[in-house]
Amino acid sequence: MKNLFVCLFFLVGITGSCLAQNTKRGTSYDRFSPAAVWTDTKGEVINAHGGGVIFDNKKYYWFGEKRGRGASEGVNVYSSSDLYNWTFEGLALAPDDADPESDIARGCIMERPKVLYNEKTKKYVMWFHLELKGQGYKAARAGVAISDNATGPYKFVSSFRPNGNMSRDMTLFKDDNGDAYHIYSSRENYDLRVSKLSDDYLTPTAQDTLLFSKHREAPAIFRYKDKYYLVTSGCTGWAPNKASVHVSKSLFGPWQYIGDPMIGPQSELTFGGQSTYVLPIQGKKDQFIFMADKWNPKDLKDSRYIWLPVSIKDDAVQIKWQDQWDLKSLNNKRRSPGS
Ligand code: DGJ
């Protein structure tokens, strides 16, 4: 009897201390749970919306919009070595509190930040959709910031309309040869355009082309073998809509529509989310994660993340809903012959 009490005492103690550790340090994850609350290693809800991820020096870095109650509060950055557990690294780019005339004066809107590392300049370059303070979504600019370190702090460089074109939702893409591209919604979102970036990635070049005029936004692009795949959403504000994929042999087109890749409940509404990025998984050849935001317009910081595996075969792209999944399960996913 005495032994039973001792055992019980230890069990209660161990369970209690585990729970306490969980609360204090945050949950340790070994799988993705799309659209569920996702906390960082300190137990805070991850605040990185409309984001993008880079892999650098053996770590992933996730950049995304820091949101307060609706307000834009800059760009947050998190790091991870396993893609499940993310450590908050701080505010990578802060709104400018010192200069009310700055393009990024507090009150501006910064959305969809994406970062690339430039091998030539050894700098990390961030691009984002910038709207000037007090102007709603009228300014339609791209903003650029730069840092010596992946986690920042990033220094604002400039903002502009690329080659004079309106620029709202956007992403960046770095090709295998180091050339980089800015893909952006233009002309009140009716056009989707691409511009090749300068060698230092700080400005667009004049090589700037219309991809298609189909009123699309939220571009997320990846390369699989010798083709480029571009996921986009329709333009319905924060409300979800139907996704589409286009494929092309060249970034400058022609782009061919190949359908809605989503499969599962609410697939016709991108599972309630909107595309933001497609992340190539390190060490898993030709494996990608589709990243989307499930927006909560009443409280944007409370928007959820939908991360799902991408499957590609014979040009057909499929993104299937799963309540939970892990990277180990990808080994059994379908692959093209030879991959
Ligand atoms: C949809 C865009 O994709 C978001 O990034 C944001 O700009 C909202 N529109 C604003 O309504």
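Scan the strands (runs of 3 or more DSSP E) fully inside region 39-145 and keep the ones with 3 or more residues being over 19 Å from residue 288 (Cα atoms), modelled with pLDDT of 95 or more and within 16 Å of the ligand (Cβ to nearest atom).
Numbers: elements: 49-56, 59-67, 72-80, 87-93, 109-118, 123-131.
In region 39-145, 59-67, 72-80, 109-118, 123-131 are the strands (runs of 3 or more DSSP E) which contain 3 or more residues that are over 19 Å from residue 288 (Cα atoms), modelled with pLDDT of 95 or more and within 16 Å of the ligand (Cβ to nearest atom).
Residues that are under 16 Å from residue 44 (Cα atoms) and of a type in the set (Asp, Glu): does region 107-114 have at least one? Break it down stepwise before answering.
In the first step, residues of region 107-114 are kept if they are under 16 Å from residue 44 (Cα atoms); the result is none.
Scanning region 107-114, I find no residue that is under 16 Å from residue 44 (Cα atoms) and of a type in the set (Asp, Glu), so the answer is no.
Between residues in region 160-180 that are touching a residue at least 12 places away in the same chain (Cβ under 8 Å) and assigned to a helix (DSSP H, G or I) and residues that are away from the ligand (no atom under 16 Å from the Cβ) and open to solvent by 20 Å² or more (accessible area, probe 1.4 Å), which pairs lie under 7 Å by C-beta distance while being six or more apart or on different chains?
162/204; 162/208; 163/204; 163/206; 163/208
Specify which of the listed residues (213, 250, 267) is more than 16 Å from the ligand (Cβ to nearest atom) and touching a residue at least 40 places away in the same chain (Cβ under 8 Å).
On the way: 213 fails: touching a residue at least 40 places away in the same chain (Cβ under 8 Å); 250 fails: touching a residue at least 40 places away in the same chain (Cβ under 8 Å).
Exactly one residue qualifies, and that residue is 267.
Scan region 49-64 and give yes if some residue there is on the phi > 0 side of the Ramachandran plot and open to solvent by 30 Å² or more (accessible area, probe 1.4 Å), otherwise no. Talk me through it step by step, then tell me what you get.
Let us first name the residues in region 49-64 that are on the phi > 0 side of the Ramachandran plot, namely 50, 57-58.
Subset that is open to solvent by 30 Å² or more (accessible area, probe 1.4 Å): 57-58.
The answer is yes; a qualifying residue exists.
Could you please find all residues in region 270-301 being β-branched (Val, Ile, Thr), surrounded by 23 or more Cβ atoms within 10 Å (Cβ to Cβ) and more than 16 Å from the ligand (Cβ to nearest atom)?
Across region 270-301, there are no qualifying residues.
Of everything in region 302-314, what is more than 14 Å from the ligand (Cβ to nearest atom) and outside any strand (DSSP E or B)? Give them in sequence order.
Of everything in region 302-314, those that are more than 14 Å from the ligand (Cβ to nearest atom) and outside any strand (DSSP E or B) turn out to be 302, 314.
Given the options 173, 222, 160, name the one that is aromatic (Phe, Trp, Tyr) and touching a His at 6+ places or on another chain (Cβ under 9 Å). Step through it out loud before you land on a result.
Working: 222 fails: touching a His at 6+ places or on another chain (Cβ under 9 Å); 160 fails: touching a His at 6+ places or on another chain (Cβ under 9 Å).
Going through 173, 222, 160 in turn, just one is aromatic (Phe, Trp, Tyr) and touching a His at 6+ places or on another chain (Cβ under 9 Å): 173.
The values are calculated or read from the model by the stated rules, or taken from the named source; none is laboratory data. The shown structure was predicted, so the numbers you read here are calculated from the model rather than taken from an experiment. Because the Cβ atoms are built from the backbone with ideal geometry, glycine has one as well, and the counts that use them run over all protein chains shown. To get the accessible areas, we keep the full protein, side chains included, count just its heavy atoms, and leave off ligands, DNA and RNA. Shrake-Rupley method; radii C 1.70, N 1.55, O 1.52, S 1.80 Å.
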